[in-house]
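So the structure is just underneath, and the comments pick up after that.
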Amino acid sequence: YDCKKFQNLHFICSKNEHLENINSLTDIDLVGIIFWFLSRLEEADFNSNKDIYNRFSFQDSHIYRANIIQKPVVDEWIYFLALNLFGLVNFESNYKINLTHDIDTIYRYKNKIFRRKILSKLKDSLRIKNKFNKKFFYSKNRFEPYNTFEYLMSISDSRNIKSTFFFIPSNMRSLKDGDYRIDSPDIKKILILINERGHKIGVHPGYESIINHKNCIDDICCFNKLLENLNINKVEDCRMHLLRWKHPNTIDLLKKMDIKRDWTLGFPQAISIWFVIFY
């Protein structure tokens, strides 16, 4: 097969050659580069400049340097391999849309600890021309703009899509975690509503989860116990909070938590084609 028809593919060649010098499939370790991409081995033992959240730097990734953030390169490699092995391939896309929502906060004011509620009120009281709105600050603020679960599920239902809502179960271990308690009566009502409407509940492990596995596992166990008491299946889907991921430690953590699908792998600096890892 003529490799030059695939100039847009980004190969890692076994002979360190440029694509235009590749003449046969034996010059390309397709299986190796597919494994390398899907396993995220470039993040293991890396020496990149970590960002403020101690994450692997997007600028150090191969997909950034090769400018292929928007390309499903693994699909292209598999298609290329099939063409060489079997000739004409009847390739039909069977992609589907999965909507996911990270629940970092639920209420603007309600159920917050005192200092967080005061900070929220101060911020909103100063929104108009930086003038302190005394009346707003002392109001009960019954309107909660963040509680949009029913709206989001209605939008999903109208398009025959199921949404997954990832909740933080860590009960505010860190200021970078969510500002709600997963076992509060209001949250229980939301969990029941999501389940009754046929949408999914996932887990959003707290900020320190990648370094404190014991606390994370304890939190997930408590969350699953809560769901069991509400007659809801235990969580099988996960996305790490703030996309914090440590390779391969996080994979071991997810296996211990009996997570079936992880939705973390991606970069916060760019909209990308996300990986979903199935266990």
### Query
Measuring with a 1.4 Å probe in the full set of protein chains, what accessible area per residue, in whole Å², belongs to the range 167-218?
44 Å²
#### Entry: the range 32-94: trypsin sites (Lys or Arg not before Pro) in DSSP loop, at most 16 other beta carbons within 10 Å
LYS50
### Message
Probe radius 1.4 Å, ligands and nucleic acids ignored: give me the carbon and sulfur share of the accessible area of the range 149-279 as a rounded percent.
### Response
52 percent
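In nm, what is the difference between 0.36 nm times the number of residues separating ASP75 and VAL89 and their Cα-Cα distance?
3.7 nm
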#### Entry: Positive minus negative residues near LYS225 (Lys, Arg vs Asp, Glu; Cβ under 14 Å)
-3
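The values are calculated or read from the model by the stated rules, or taken from the named source; none is laboratory data. Predicted model only: the values in this text are computed from it and were never measured. Heads up, the Cβs are rebuilt from the backbone with ideal geometry, glycines too, and the neighbour counts pull from every protein chain shown. Quick note on the areas: whole protein, heavy atoms, side chains included, nothing else; ligands and nucleic acids left out. Shrake-Rupley method; radii C 1.70, N 1.55, O 1.52, S 1.80 Å.
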